[in-house]
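The structure appears right after this line, and notes come after that.
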Amino acid sequence: QVQLVESGGGLVQAGGSLRLSCVVSGRTFRNYVMGWFRQAPAKEREFVATISLNARTTYYADSVKGRFTISRDNVENTAYLQMNSLKPEDTALYYCAAKSTYGTSKLEDEYTYWGQGTQVTVSS
């Protein structure tokens, strides 16, 4: 059983920063491609960022490119999402997800395991 636990969300003013963490337990973390997704109220869940097994490849949604950075620590079994220059439109429930098949992906259907989410609220 793979478990993902997110943390680091909170309330921040526009222009501020937050760092989300996702601790993975139960299986070998380095075997999973990791992704971050988010869901704003009354909207569908959307892709934010993904990172390959060895962290050499990353992809970002256009809306966060240049402001967010995804990373991973294969020793600490943790994925991170550093969020800078936050905007009110970044307000959402942020989920991390793990993909057991090869290759990064922006498609949530390709991710097998999901965390419960951590709330990020950006005030204007």
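Assorted remarks:
- Residues (open to solvent by 20 Å² or more (accessible area, probe 1.4 Å) and either among the hydroxyl-bearing types (Ser, Thr, Tyr) or in contact with a Phe, Trp or Tyr (Cβ under 8 Å, 6 or more places away or on another chain) (or both)) located in region 45-57: Arg45, Glu46, Phe47, Leu53, Thr57
- Listed conditions (1) open to solvent by less than 60 Å² (accessible area, probe 1.4 Å); (2) over 12 Å from Trp36 (Cα atoms); (3) touching a residue at least 60 places away in the same chain (Cβ under 8 Å) are all met by Asn77, apart from (3).
- Within region 76-123, strands (runs of 3 or more DSSP E) holding 2 or more residues that are touching a Gly at 6+ places or on another chain (Cβ under 8 Å): 92-99, 118-123
- Taking the criterion of being assigned to a loop (DSSP other than H, G, I, E, B) and more than 13 Å from the chain's Cα centre (by Cα), the residues of region 20-48 that qualify are Gly26, Arg27, Thr28, Tyr32, Ala40, Pro41, Ala42, Lys43, Glu44.
- Flag if Asp90 is surrounded by 22 or more Cβ atoms within 10 Å (Cβ to Cβ), among the acidic types (Asp, Glu) and under 15 Å from the mean Cα position of the chain (by Cα): yes
- Members of region 3-44 that are surrounded by 16 or more Cβ atoms within 10 Å (Cβ to Cβ) and either more than 20 Å from Asn74 (Cβ to Cβ) or of a type in the set (Phe, Trp, Tyr) (or both): Gly9, Val12, Leu18, Phe29, Tyr32, Trp36, Phe37, Arg38
- Pairing residues of region 16-31 that are under 13 Å from Gln1 (Cβ atoms) with residues that are aliphatic (A, V, I, L, M) and outside any loop (DSSP other than H, G, I, E, B), at Cβ distances under 6 Å and at least 6 apart in sequence or on separate chains, gives Val24/Leu4.
- Among residues of region 1-13 that are assigned to a loop (DSSP other than H, G, I, E, B), those with a beta-carbon under 7 Å from a residue that is polar (S, T, N, Q) at least six positions away or on a different chain give the pairs Gly8/Ser21; Gly8/Thr118; Gly9/Thr118; Gly9/Gln119.
- Screening Lys65 against (1) over 16 Å from Ser7 (Cβ atoms); (2) in contact with a Ser or Thr (Cβ under 7 Å, 6 or more places away or on another chain); (3) free of Cβ contacts under 8 Å to residues at least 40 places away in the same chain leaves a single unmet condition, (2).
The values are calculated or read from the model by the stated rules, or taken from the named source; none is laboratory data. Computed from a predicted model, the values in this text were never measured in an experiment. When we count neighbours, we look across all protein chains shown, and the Cβ atoms used for this are built from the backbone with ideal geometry, even at glycine. Only protein heavy atoms, including side chains, enter the accessible area calculation; ligands, DNA and RNA are left aside. Shrake-Rupley method; radii C 1.70, N 1.55, O 1.52, S 1.80 Å.
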